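**Q** Before I ask anything, here is the structure I am working with.
The values are calculated or read from the model by the stated rules, or taken from the named source; none is laboratory data. Values in this document were obtained by computation on a predicted structure and should not be read as measured data. Counting neighbours? That spans all protein chains shown, and the Cβs are built from the backbone with ideal geometry, glycine included. All accessible areas refer to the heavy atoms of the entire protein, side chains included, with ligands and DNA or RNA removed. Shrake-Rupley method; radii C 1.70, N 1.55, O 1.52, S 1.80 Å.
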Amino acid sequence: MRISGVNFYKNVFNSESKKRNRLNNNSGIKKDKYIHSDISVLQTYNKHQLNAKKCPDSVLDMINFETLDLFKQGRDKEHSIIVGNTEYLKKDLPKVDYGRCSEIKAVNNKVVFDNKLYYGYQDKSGNKHVFACLNNRLEQPYSDLISGRQNNDSFQICKFWNMLSKDGTYLGMYYSNEKQKQMLNDAGITQGFFSVQIGDNKQDYYYSNGNAGVAVRRFEYDATYDMFVKRGTALFNEYEVGSIFKIGGKEYILNEQRKLDIPYGEDIFDIELPKKEVE
């Protein structure tokens with residue numbers, strides 16, 4: 001089930017409201033629910049001024065990065081949202097200026113998203129996507145979600161990076177190898193070890209062209225490398241000493257201990273096994 005950023009905050013807020021209601025119900029205090037039939041229903045007016053003017057960046061930042069506080073204060077209404085003493089119609093909220101966004105780019109093969117910052121990505125079709133990083137997740141800005149600008153492509157991009165920041169094992173269930181490589185390449189990630197961090201969530205990987213997936217978690221790389229180079233594997237027992245294995249296009253000879261002398265960092269998942277002789 002897909003859960004949007006809107007539902008995330010509503011779920012958090014509703015759970016807290018239910019806890020308070022249970023406490024009130026168990027307090028033993030009875031409330032008078034009698035309403036006299038002669039009481040007239042009077043029209044009430046919101047004391048906050050509805051603002052149809054341009055929403056400044058500072059207000060968008062409050063909406064996108066202080067979302068839970070606005071929920072708790074009851075400032076998120078059905079058709080409007082109150083920031084300070086001004087009430088803004090949700091449908092009139094502007095887009096976050098793409099120029100305010102940091103580019104999604106790796107530095108030393110490390111992609112880092114910091115909380116309470118905006119990030120931008122321009123896809124192959126020239127479409128510009130804006131994201132907000134909050135609570136260790138990358139999401140469409142809340143101002144876009146409540147103003148009706150939900151975008152499935154943006155959602156998929158967020159999911160890609162969110163998965164990588166925690167556990168990218170199942171990326172292949174949602175994205176083709178070609179799509180994964182495109183996203184990584186667009187971010188400037190090159191083959192070899194890389195990491196993705198969103199807030200406090202961080203995971204290390206190996207960018208592989210082999211058959212174990214595009215993004216292989218580093219501890220899985222280390223375990224496989226240790227097996228090939230140090231501990232040995234039953235797989236190699238099926239081959240004669242001196243057999244040639246190709247790893248990443250390079251040739252390695254099976255030594256007398258039935259191990260391979262492979263430099264750390266080679267793409268050990270891109271392996272071509274020797275042909276077995278038919279007896």
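**Q** Kindly indicate which of 276, 202 is in contact with a helix residue (DSSP H, G or I) (Cβ under 8 Å, 6 or more places away or on another chain), at pLDDT below 95 and either of a type in the set (Lys, Arg) or farther than 27 Å from residue 172 by Cβ (or both). Step through it out loud before you land on a result.
**A** On the way: 202 fails: at pLDDT below 95.
Step by step, each of 276, 202 is checked, and only 276 is in contact with a helix residue (DSSP H, G or I) (Cβ under 8 Å, 6 or more places away or on another chain), at pLDDT below 95 and either of a type in the set (Lys, Arg) or farther than 27 Å from residue 172 by Cβ (or both).
**Q** Go through (1) touching a residue at least 60 places away in the same chain (Cβ under 8 Å); (2) within 30 Å of residue 205 (Cβ to Cβ) and name the single condition residue 81 misses.
**A** Unmet for residue 81, out of (1) touching a residue at least 60 places away in the same chain (Cβ under 8 Å); (2) within 30 Å of residue 205 (Cβ to Cβ): (2).
Residue-by-condition table, conditions (1) open to solvent by less than 30 Å² (accessible area, probe 1.4 Å); (2) farther than 19 Å from residue 182 by Cα; (3) aliphatic (A, V, I, L, M):
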site	(1), (2), (3)
122	no, no, no
128	no, no, no
135	no, yes, no
140	yes, yes, no
147	yes, yes, no
156	no, no, no
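**Q** Next question. Output yes when any residue across segment 238-245 is part of a strand (DSSP E or B) and touching a residue at least 24 places away in the same chain (Cβ under 8 Å), and no when none is. Spell out the reasoning first.
**A** First, the residues of segment 238-245 that are part of a strand (DSSP E or B): 244-245.
Now drop any that are not touching a residue at least 24 places away in the same chain (Cβ under 8 Å), which leaves 244-245.
There is at least one residue in segment 238-245 that is part of a strand (DSSP E or B) and touching a residue at least 24 places away in the same chain (Cβ under 8 Å).
**Q** Of everything in segment 265-278, what is part of a loop (DSSP other than H, G, I, E, B) and either loosely packed, with under 11 Cβ neighbours inside 10 Å or charged (D, E, K, R) (or both)? Give them in sequence order. It would help to see each step written out before you state the result.
**A** Looking only at segment 265-278, we keep the residues that are part of a loop (DSSP other than H, G, I, E, B), and these are 265-270, 273-278.
Hits for segment 265-278 are 266, 267, 270, 275, 276, 277, 278.
**Q** Also: What is the one condition in (1) out of contact with any His (no Cβ under 8 Å at 6 or more places or on another chain); (2) hydrophobic (A, V, I, L, M, F, W, C); (3) modelled with pLDDT of 95 or more that residue 234 does not satisfy?
**A** (3)
**Q** Something else now. Show me the strands (runs of 3 or more DSSP E) entirely contained within segment 92-198 in which 1 or more residues are on the phi > 0 side of the Ramachandran plot and small (Gly, Ala, Ser). Walk me through it before giving the result.
**A** Values: elements: 110-113, 117-122, 128-134, 137-139, 192-198.
Ranges flagged: 192-198.
**Q** Taking the stated definitions as given, is residue 192 over 30 Å from residue 112 (Cα atoms), touching a strand residue (DSSP E or B) at 6+ places or on another chain (Cβ under 9 Å) and either open to solvent by 10 Å² or more (accessible area, probe 1.4 Å) or at pLDDT 95 or above (or both)?
**A** In short, no.
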